[in-house]
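Novice: Shown below is the structure under consideration.
Only the coordinates and a few stated rules stand behind these numbers; no lab work does. No experiment lies behind these values; they were computed from the predicted model shown. Using ideal geometry, Cβ is built from the backbone for each residue, glycine included, and neighbour counts are taken over all protein chains shown.
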Amino acid sequence: MSTIISLSHIGMEFPSLDGTGSVEALNDVSIDFLENEFVVALGASGCGKTTLLNVIAGFLRPTSGEILHKGAPVTGPGHDRGVVFQKHALFPWMNVVENTEFGLKLQKVGKEERRDAARANLGLVGLTDFENYPIYQLSGGMQQRVGLARALTCNPEMLLMDEPLGALDAFTRETMQELILNVWRQTQKVVFFITHSVEEALFMATRLIVMSPRPGRITHEYKLEFYRRFFESGDARAVKSSPEFIKMREEVLSIIYGEEVGEQMP
Amino acid sequence: MRLNPFSRRTSKVVDQYGAPGSGDATIINIVTIVVILGSWWLVTHLELIRPLFLPSPEQVISKFNKIACTAHYYESFLTFLGIMSEVEAECEGFSEHALHQHILWSLYRVFLSFFLAVITAVPIGIAMGMNRIARGVFDPPIEFYRPIPPLAYLPLTIIWFGIGESGKIFLIYLACFAPIAINARAGVRSVSIEQIHAAYSMGATRQQVVWQVVIKAALPEILTGMRVAIAFGWTTLVAAEMVAAKAGIGVMVLNAARFLATDIVFLGIVVIGAVAFVFDLMMRKIEKALVPWKGKV
């Protein structure tokens, strides 16, 4: 499998709030994103997950290290890396289909062609009947699906998802996990997905990276195959309640919890 | 029961318990208006106050008919239909102009100034929101003149522009400019950083972000600024027309006061209020049509 995005020895420092020193948000992070991978980053608040995503998206320039997209240095955001945000970040002055085709409009693609592409992706996320709806009449889950369709319509090689399900209720969240996995299976994108939920991370990831704060770094990495069981059985609850899943969940939880406890003891 | 404004019932089921000011006030509004008009009618008919100070409602209405030339235009209409052969009623008006001419002159001044303010203040306000240098340049003059009442610099506009139309237009223009510029500037900030990031990650150029994201996101606040501006411009108009205007609703009121024609003063005030109300209604309709998402995201 070929490498799509490669990060080597990424370091990121922000000036601290009191202005005297600096905060190390990322410390020597190296990771390769391979073709068709679903990489999930998990960790407590402040562990640098979002900083890492912003570096890959090109919104932040790292203070040290190198980020390459198929061998070429990444210098800023681009439509080869689509982003789905926690807050949907859709444009309320456009309806669903106009939001979805917006990326292609920016790239001056003809009206017919971009409409077709937008409709195809709205179909993929199950919003075919809602293309003329205004954004503010949709539920939170539907808004996130538009956000996903919008990112897909630019046909990026990589999808960056910054806690896209963080603001949803528990039921919608589980449905959306399955929807995102199915979209991933059909579109074969590389996905980098951030979450706070251990269960979500284990369920969706082909590779899980656990990060820890101060300084933000990758402490553990797992290859996972629970998603495959879901594709085979179609029963997400059965996967999530299987003994192997629960055992894994406890193991990852103890890592994160252990770090938090360890930090409080000098 | 529901129609009784003095009902002792607590909130309806759909209302939030304890929500301040909940419930419909339309009926109470109507009662208030009826009480005010009724007391006006009563005190003038009981002759408690001399007509010089408070003319009766009928007096104001008959003055309206006279100044608006109601009979003249009604007869002209009948002549047009062929029902009457000749227009007999004359059009007197006031200060050599009929009411609608006064109103049209005032509307012309306000809308011309407002239009000039919109085409200059919107780009400047957006530039101030987007750009450090533009903000540095325009912030001091705008923040300096904004709180000054237009009446205070009215004498200066007379010295600069004389007593013609341009001075009046300039005065109203200044009144409209600040609220639009300040709201446009604030509107730029209502775009979220995620929306800008989303546009960039879909391959937008900086120009595309400004034109297709920032300005669109600022639209609700620009329209709020315009709504404030047109009300403020209308308020300033009466002051502007006090300087040697031949026609205009403001000058009509002023001349009437000189002749102690209190009924015309009343009439003028009602017309000024009605036009302001129509402006606000109009701006609200425009807002609803152009920015239906306002307040919903």
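Novice: Can you pull the mean other chain C-beta count within 10 Å for peptide A:59-66?
Specialist: Going residue by residue through A:59-66 and averaging, the value is 1.
Novice: Starting from the Cα gyration tensor of chain A, take the square roots of the eigenvalues, sort them a ≥ b ≥ c, and report rounded, prolate or oblate (rounded when a/c is under 1.5, otherwise prolate if a/b is larger than b/c, else oblate).
Specialist: The shape class here is oblate.
Novice: Same structure again: Let me spell out the model: positive unit charges on the Cβ of Lys and Arg, negative unit charges on the Cβ of Asp and Glu, origin at the Cα centre of segment B:166-297. What dipole size does that give, in debye rounded to 20?
Specialist: 260 debye
Novice: Then there's this: Can you pull out the cysteines in the protein assembly as shown that have no other Cys Cβ under 4.7 Å?
Specialist: Flagged as lacking a Cys partner: A:CYS47, A:CYS154, B:CYS176.
Novice: Relative to the Cα centre, what is the charge dipole magnitude of the protein assembly as shown, using +1 at the beta carbon of each Lys and Arg, -1 at the beta carbon of each Asp and Glu, and rounding to the nearest 20 debye?
Specialist: 560 debye
Novice: In whole Å, what are the Cα extents of the protein assembly as shown along the three principal axes, biggest one first?
Specialist: That works out to 98, 62, 59 Å along the principal axes.
Novice: For segment B:99-290, just say rounded, prolate or oblate: build the C-alpha gyration tensor, square-root its eigenvalues into a ≥ b ≥ c, call rounded for a/c under 1.5, and beyond that prolate if a/b exceeds b/c, oblate if not.
Specialist: prolate
Novice: What pairs from A:LYS189/A:LYS240; B:LYS216/B:LYS288; A:LYS87/B:LYS296; B:LYS216/B:LYS294 go past 19 Å between their alpha carbons?
Specialist: Over 19 Å Cα-Cα: A:LYS189/A:LYS240.
Novice: Okay, next question. Report the GluC sites (Glu not before Pro) located in segment A:1-101 that are in a DSSP loop and have at most 14 other Cβ atoms inside 10 Å of their Cβ, or state none.
Specialist: Listed in order of number, the matching sites are A:GLU35.
Novice: While we're on this one: 222 nm [θ] for chain B, helices only, -39500 (n - 2.57) per DSSP H run of 4+, per residue, to 500?
Specialist: Counting only the DSSP helices, I get -23000 deg cm²/dmol.
Novice: Just to check I understand the Karplus step: with θ = phi - 60° and J = 6.51 cos²θ - 1.76 cosθ + 1.60, what whole-Hz values come out for segment B:279-285, glycine and proline as x?
Specialist: Result, ordered by residue: 4, 5, 4, 4, 5, 5, 5 Hz.
Novice: Could you work out the mean projected area of the convex hull around the alpha carbons of segment A:87-155, in square nanometres to one decimal?
Specialist: Averaged projected hull area, Cα only: 4.0 nm².
Novice: Using alpha carbons only, how many degrees (0 to 90, rounded to 10) separate the axis of helix B:215-241 from the longest principal axis of chain B?
Specialist: Taking the Cα atoms of chain B, the angle to B:215-241 is about 30 degrees.
Novice: May I pose another question? Can you pull out the trypsin sites (Lys or Arg not before Pro) in segment A:137-200 whose DSSP state is coil and whose Cβ has at most 16 other Cβ atoms within 10 Å?
Specialist: The qualifying sites: there are none.
Novice: Further question: Longest span of chain B, sites excluded, free of chymotrypsin sites (Phe, Trp or Tyr not before Pro) in DSSP loop with at most 14 other C-beta atoms within 10 Å?
Specialist: For chymotrypsin sites (Phe, Trp or Tyr not before Pro) (loop position, at most 14 other Cβ atoms within 10 Å), the longest site-free span of chain B is B:54-258.
Novice: When averaged across all projection directions, what area in nm² does the alpha-carbon convex hull of segment B:199-263 cover?
Specialist: About 6.8 nm², averaged over all directions.
Novice: Leaving out same-chain residues fewer than 8 places away, which aspartates and glutamates sit with a Cα under 14 Å from that of A:LYS70?
Specialist: Correct list for A:LYS70: A:ASP32, A:GLU35, A:ASP80, A:GLU157.
Novice: If I fit a long axis through the Cα atoms of helix B:249-258 and take the longest principal axis of the Cα atoms of chain B, what angle between them do I get, 0 to 90°, rounded to 10?
Specialist: 40 degrees
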